[in-house]
Amino acid sequence: MSATTSRPAARREPLLAPSLLASDLANIQATAELLATAEADWLHFDVMDGRFVPNISFGLPILEALRPHARQPIDVHLMIARPQDYLSAFRDAGATHLTVHYEACPHLHRVVEQIKSLGCTAGVALNPATPASLLVDIAADLDLVLVMSVNPGFGGQQFIPHTLQKVAEVKELLLDAGSAALIEVDGGVSQANAAALVQAGADVLVAGSFVFKSGGGPVATLAGLRQTLREAAQEQAANN
């Protein structure tokens, strides 16, 4: 490589996004304040409407209450029908990142442009049975692709192993499109699969039950996960 040839930028450290759905919902302010200095890069906020997914979670009033106490960006995952009707309201309530489902948006490009016009990061989520190839015509416009590693609707589910291959497929698709979109993985993420997901191409790891139901507490669990990822990165660099 000549002195005038630029080197590819080093890959950034993966981001950790604890999922508040698994936290103590009676004390969400305390949770946000606890995570303020933890190894948490984003706060993941799952919105479910009982229509697109068979469950109902929190919505706009909870996000509005959370926002003043959050120190990290709030990553809002809209598992709802007709998300385009609520994007502005969620932005106003405190969302930094807005992710909609491919399966819920027949006019996906229009919705992505709507999110961007609001000044938010535009993400698209794929259910486990939705192939990565369906994003080929929208990939260059995305800021984020969320790969569901469980079927959406409930926390605490088992990780679907095929997700590793799917993350690699999404990574290849984004590279082919010249897209700098981040790849996020949501569902069943734990110490057991986090390093493999990052190696496959994941940039953001959402973890709920693993973080909040662990005996050591969320701060220690996130610190342990961060250390595991750093050690895996060091080992991979040494082998290369």
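When only Cα pairs under 8 Å and 6 or more residues apart are kept, what is the percent relative contact order across the chain?
19
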Considering Cα pairs under 8 angstrom that are at least six residues apart, work out the relative contact order of segment 12-134 and quote it in whole percent. 20
Would you grab the residues whose amide H sits under 5 Å from the one on PHE52? Only those 5+ places off in sequence or on another chain, please, with H modelled 1.01 Å from N. ALA81
So what's the back-of-envelope 222 nm ellipticity for the chain, counting only DSSP H runs of four-plus at -39500 (n - 2.57) apiece and dividing by all residues, rounded to 500? -10000 deg cm²/dmol
Amide H neighbours of ALA125 at under 5 Å, excluding residues fewer than 5 places away on the same chain, with H built from the backbone geometry, are VAL100, HIS101, TYR102, LEU146
The list (1) 26, 20, 19; (2) 41, 24, 14; (3) 26, 23, 17 gives values of semi-axes √(5λ) of the Cα gyration tensor in Å, and only one came from this structure; which label was calculated from it? (3)
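FYI, it's all coordinate maths here, none of it is from the lab. Keep in mind it's a predicted model, so treat the numbers as computed, not measured.
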